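Below you'll find the structure, written out as C-alpha cells, and then a few comments.
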Amino acid sequence: MRRSRIVLIVTALLVAIVVASPNMTAYKGGVADSNQQYGCSTVCHTVKSSSTITMWTSDATPEPGGPVTVIVNVTGGEASASPLGMMLVSALTGSNSLPSDAGWTIVTDATGVTAYNYNEISAYTGSLSMTWTLTAPTSSGVYTLFAREIHGNDDTYYNDFSGGIAFVVGGTMPGVLTVFITSPAAGSEVSGTISVTASILPIENITYATLSVDGALVENKTAQPYTWTLNTDQYTDGAHVLQVTAANATGGIGTKDIAITINNAAASETLLSWVWTMAAGAILIIALLGVFVVVALMIRRRAMKGR
C-alpha cells in the first residue's frame with residue numbers, strides 16, 4: 001500500500017514537471033508560436049549570433065489602417081543550434097514592444113493561420129524566411145518595426161535587425177529619404193571582404209544609391225538590393241567612414257554615415273598563428289613517429305640478438 005502511494009506521488013510530480021516545463025524553461029527550451037515581448041528574449045539568449053537578418057516591406061507609406069506585408073529573412077549563423085524563433089517588435093527595449101503596443105494589428109503570422117508576433121521552428125538549417133501581414137496604425141505618423149532572432153536551447157544566440165523599417169503612415173515626406181546602413185554595424189571592427197547593405201525609405205522611385213569610403217566613391221547602384229562588396233585590404237588599418245547616399249525621381253535625397261575600424265593586421269596575425277600552430281603540430285607528429293621508429297628498431301635488434 002505504501003509503495004503504491006509513493007508511485008502515485010512520483011507520477012504526479014513527473015506529470016507536473018512535464019506540464020510546467022514550457023513555462024519553466026522559457027526561451028531556453030522554446031515556447032512555440034505566441035505573443036512575446038522583446039525583453040523576454042534577453043534573459044536567456046546573450047550570445048550574439050553570426051547570422052544575417054534582413055527585412056522587407058510591401059509598402060513603407062501605408063494609409064492609416066492600411067494593409068502591410070513584412071518579410072524577415074535570416075541566413076547563416078549557428079545552423080546546429082535549434083530551435084530558432086523570430087519575432088516582430090515595435091521597440092528594442094522595455095515591456096511594451098509588441099506591434100500592437102504601437103497601434104499595429106497582426107492579421108496573420110508566418111504560419112498563415114494565427115496572428116502572433118513570435119514564430120518558432122524546431123530545426124534551423126541555415127536559412128529562413130517568415131512573413132507577417134498587418135494593418136497599419138490608425139493615426140498618421142512615423143512608426144518603426146524591428147526583428148529579433150533567438151536561437152538555440154540553452155543560454156545561446158540572438159540577433160537583431162536593429163535598423164528596423166520605418167513606416168510613414170498617412171503620407172510621405174517629400175524631399176527627404178531615410179537611409180539605414182544595416183551591415184556592418186556602426187563602430188564594428190572588420191577585415192577582409194565585407195558586404196555593405198543599406199535600406200532606403202520610401203523605397204519607391206529610387207534612382208540611385210552610392211557607397212563611398214572616406215568620401216571616395218566605391219560604386220553606384222541603380223536598383224535593389226542596395227548591397228556592395230568591399231575589399232578592406234585596399235584600405236589602411238584604422239578608422240574609416242562608410243557613407244551611403246540615395247536619391248529618388250522627385251528630387252528627394254538622403255544620406256547615412258557610419259564609422260568602422262579596419263583591422264586586417266589582426267586577421268593576418270591570427271592566420272599566421274594558426275599556420276605556425278599547424279606546423280609545430282606537424283613537426284611534433286614527425287618527431288614522435290621518429291621516436292617510435294627508433295624504439296621499434298631497438299626492440300627488433302634486441303630480439304635478433306636473443307635468437
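The values are calculated or read from the model by the stated rules, or taken from the named source; none is laboratory data. Please read all numbers here as calculations on a predicted model, not as lab measurements. Note that we place each Cβ from the backbone using ideal geometry, even for glycine, and neighbour counts take in every protein chain shown.
If M130 meets every condition in (1) more than 17 Å from S51 (Cα to Cα); (2) of a type outside the set (D, E, K, R); (3) modelled with pLDDT of 85 or more apart from one, which number is that one?
(1)
Here is a yes/no grid of residues against (1) part of a loop (DSSP other than H, G, I, E, B); (2) touching a Phe, Trp or Tyr at 6+ places or on another chain (Cβ under 9 Å):
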residue	(1), (2)
D101	no, no
I106	no, yes
N119	no, yes
S139	yes, no
F146	no, yes
G187	yes, no
V196	no, yes
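Looking at segment 66-97, which of its residues are touching a helix residue (DSSP H, G or I) at 6+ places or on another chain (Cβ under 8 Å) and of a type in the set (S, T, Y)?
S90, T93, S95, S97
Kindly indicate which of A123, A60 is at pLDDT below 90, assigned to a loop (DSSP other than H, G, I, E, B) and surrounded by 14 or more Cβ atoms within 10 Å (Cβ to Cβ).
Selected residue: A60, the only one of A123, A60 that is at pLDDT below 90, assigned to a loop (DSSP other than H, G, I, E, B) and surrounded by 14 or more Cβ atoms within 10 Å (Cβ to Cβ).
Quick check on L134: is it aliphatic (A, V, I, L, M) and touching a Pro at 6+ places or on another chain (Cβ under 8 Å)? Show your work before the answer.
Numbers: aliphatic (A, V, I, L, M): yes; touching a Pro at 6+ places or on another chain (Cβ under 8 Å): yes.
Yes; evaluated as a whole, the condition is true for this residue.
Kindly evaluate T93 against the criterion of being of a type in the set (S, T, Y), surrounded by fewer than 17 Cβ atoms within 10 Å (Cβ to Cβ), at pLDDT 90 or above and part of a loop (DSSP other than H, G, I, E, B).
On the way: of a type in the set (S, T, Y): yes; surrounded by fewer than 17 Cβ atoms within 10 Å (Cβ to Cβ): yes; at pLDDT 90 or above: no; part of a loop (DSSP other than H, G, I, E, B): yes.
Against the criterion (of a type in the set (S, T, Y), surrounded by fewer than 17 Cβ atoms within 10 Å (Cβ to Cβ), at pLDDT 90 or above and part of a loop (DSSP other than H, G, I, E, B)), T93 does not qualify.
Just need a number here: residues in segment 81-90 that are in a loop (DSSP other than H, G, I, E, B) and within 15 Å of the chain's Cα centre (by Cα).
Our first condition is that a residue be in a loop (DSSP other than H, G, I, E, B); within segment 81-90, this holds for 81-83, 90.
Filter once more, so that each one left must be within 15 Å of the chain's Cα centre (by Cα): 81-83.
Within segment 81-90, residues that are in a loop (DSSP other than H, G, I, E, B) and within 15 Å of the chain's Cα centre (by Cα) number 3.
How about segment 222-250: which of its residues are among the aliphatic types (A, V, I, L, M) and either buried (at least 20 other Cβ atoms within 10 Å of the Cβ) or under 24 Å from T57 (Cα atoms) (or both)? Reasoning before the result, please.
So in segment 222-250, the residues among the aliphatic types (A, V, I, L, M) come out as 223, 230, 239, 241-242, 244, 246-247, 249.
The answer is A223, L230, L242, V244, A246, A247, A249.
Could you please give the count of residues in segment 198-226 that are in contact (Cβ under 8 Å) with a residue 40 or more places away in the chain and within 21 Å of G164 (Cα to Cα)?
Going through segment 198-226 one residue at a time, the tally reaches 9.
For I253, work out the one condition from (1) within 30 Å of M55 (Cβ to Cβ); (2) at pLDDT 85 or above; (3) more than 24 Å from the chain's Cα centre (by Cα) it doesn't fulfil.
Looking at each condition in turn, I253 falls short on (2).
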